[in-house]
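The values are calculated or read from the model by the stated rules, or taken from the named source; none is laboratory data. Since the model is a prediction, treat every value here as computed from it, not as a measurement. Here the Cβ is made from the backbone with ideal geometry for all residues, glycine too, and neighbour counts use every protein chain on show.
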Amino acid sequence: MKIMYISNGQMSLLDGAKCAEIPSQRIAQYIQTLRQLEKEHAWKSEGSGAQFMGQSNRYANAAENAVGEVTGFVPYDDRIVYAVNLGHETGGFYRMDPADPDAPEGLICSAVRLYAQDLIVHGRDIYAALREGLEQHIIRLDPATGRYQTLTEGDTIERHPFITPDGSRLFFDMRGIARNENQALAGIGPSAIASLNLRTGEITELFNDPAFDYLKYTESSDGAKRMLVRPHKQLNGNTNPLGCLLAPFSAIAGFVHVFSAINAARKGKQPPMALSDGEAAKPANGHLTIDGIPVNLDLVQREQKKHGDEHAGIVPRDWRLVQIEPDGTLKTLQHGAMDYASLPDGGYIYSNGLNILRVSPDGKRTVLVKAHLAACLTPMETE
């Protein structure tokens with residue numbers, strides 16, 4: 001089977017037992033441009049004839065310090081549409097052929113601080129999570145024109161869009177942003193799963209608990225409903241607990257704008273567009289940071305050893321992949337899961353931070369490939 005994923009900010013393709021990195025031409029061109037600028041400006045501050053002796057070259061080491069990461073991708077026709085983040089300089093959507101990485105890439109759209117992730121396809125449209133400052137909202141992108149519409153708004157962070165096959169409902173994670181009386185950030189609330197009826201504008205909250213973050217709800221072709229569940233941890237030491245407990249409910253209130261946006265679209269008007277800026281995950285205080293959450297690797301290893309976990313990874317055991325049973329109960333499928341994707345045969349694949357594993361319909365686990373913090377797991381063909 002073929003699987004594409006993102007590891008260390010780069011796309012990789014697993015084809016059977018063979019694994020290869022798929023380079024981004026846009027990132028390579030960006031790095032090359034920075035190196036050229038460093039070279040072209042060196043004469044101003046280097047050498048005996050320098051006009052600005054003792055002054056630093058503003059482009060010195062810019063290429064080495066550049067972000068340059070792929071933040072999401074999705075199969076589209078016989079190509080790949082991917083999103084790239086180049087720090088605060090620029091980002092955008094590009095089209096490329098993973099079977100021929102040397103073929104020229106196509107530009108879909110690019111803008112300053114354009115930061116998108118969690119791409120999915122429905123029909124001819126691509127849905128993604130686009131960041132605007134601290135907020136993050138779901139957009140619908142037309143790859144043919146490069147234009148996009150913002151479908152959700154509010155003082156919220158939304159990720160992982162999922163569209164039902166008939167295109168009537170949009171599912172996504174949603175967490176509220178808690179602010180103090182001066183409108184400064186007080187904290188980030190728990191993540192809830194919400195559903196937006198794209199025909200009526202009705203919003204329904206499906207899963208919400210102040211103690212947990214519910215993430216990446218999906219429904220597979222065989223009807224299985226799955227999502228990720230993590231204990232909720234405050235990301236800000238000065239958080240107002242009450243504000244964060246109320247955040248999911250204020251987030252729903254923040255979606256009032258959705259109704260006017262949908263009505264405006266029906267009248268031929270365009271909802272407001274969003275730009276974004278993003279940050280790459282970085283180690284902090286000796287901890288690995290995943291999705292902005294510090295992870296104590298020593299504690300993770302002790303927990304895994306205590307429970308005798310086979311194929312142990314670097315993701316906490318209480319980060320679970322669950323299946324939603326018909327009666328609404330949550331059945332834990334895997335401990336220590338950071339991402340997953342369903343397979344056509346009823347099984348699924350998931351990442352534990354060190355490996356990508358395949359789980360057959362009968363529950364048998366197989367390690368497919370070692371991959372550091374693999375995300376955006378995407379099966380590339382049916383079987």
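Some points to look at:
- Subset of segment 1-35 (residues that are assigned to a loop (DSSP other than H, G, I, E, B) and either out of contact with any Pro (no Cβ under 8 Å at 6 or more places or on another chain) or crowded, with 17+ Cβ neighbours inside 10 Å (or both)): Asn8, Gly9, Gly16, Ala17, Ser24
- Of the residues making up segment 74-88, those that are more than 18 Å from the chain's Cα centre (by Cα) and surrounded by fewer than 16 Cβ atoms within 10 Å (Cβ to Cβ) are Asp77, Asp78.
- Residues that are at pLDDT 85 or above and assigned to a loop (DSSP other than H, G, I, E, B) within segment 292-305 comprise just one, Asn296.
- Entirely in segment 335-383, the strands (runs of 3 or more DSSP E) that have 3 or more residues that are closer than 16 Å to Thr218 by Cβ and in contact (Cβ under 8 Å) with a residue 60 or more places away in the chain: 339-342, 348-351, 375-379
- Boolean, Asp118 is under 30 Å from Leu14 (Cβ atoms) and of a type in the set (Asp, Glu): yes
- Gly106 vs. criteria surrounded by fewer than 21 Cβ atoms within 10 Å (Cβ to Cβ) and under 17 Å from Met96 (Cα atoms): yes
- Some residue of segment 310-326 being of a type in the set (S, T, N, Q), within 20 Å of Leu377 (Cα to Cα) and either buried (at least 21 other Cβ atoms within 10 Å of the Cβ) or modelled with pLDDT of 95 or more (or both): yes
- Every listed requirement among (1) at pLDDT below 95; (2) crowded, with 18+ Cβ neighbours inside 10 Å is met by Glu202 save one, (2).
- Long-range neighbours under 6 Å by Cβ, at least six apart or interchain, first residue of a type in the set (D, E, K, R) within segment 7-26, second not in a loop (DSSP other than H, G, I, E, B): Asp15/Lys2; Glu21/Gln10; Glu21/Ser12; Arg26/Val84; Arg26/Tyr94
- Elements of type strands (runs of 3 or more DSSP E) contained in segment 156-215, each with 1 or more residues being under 14 Å from Ala129 (Cβ atoms) and free of Cβ contacts under 8 Å to residues at least 60 places away in the same chain: 156-163, 169-179, 185-197
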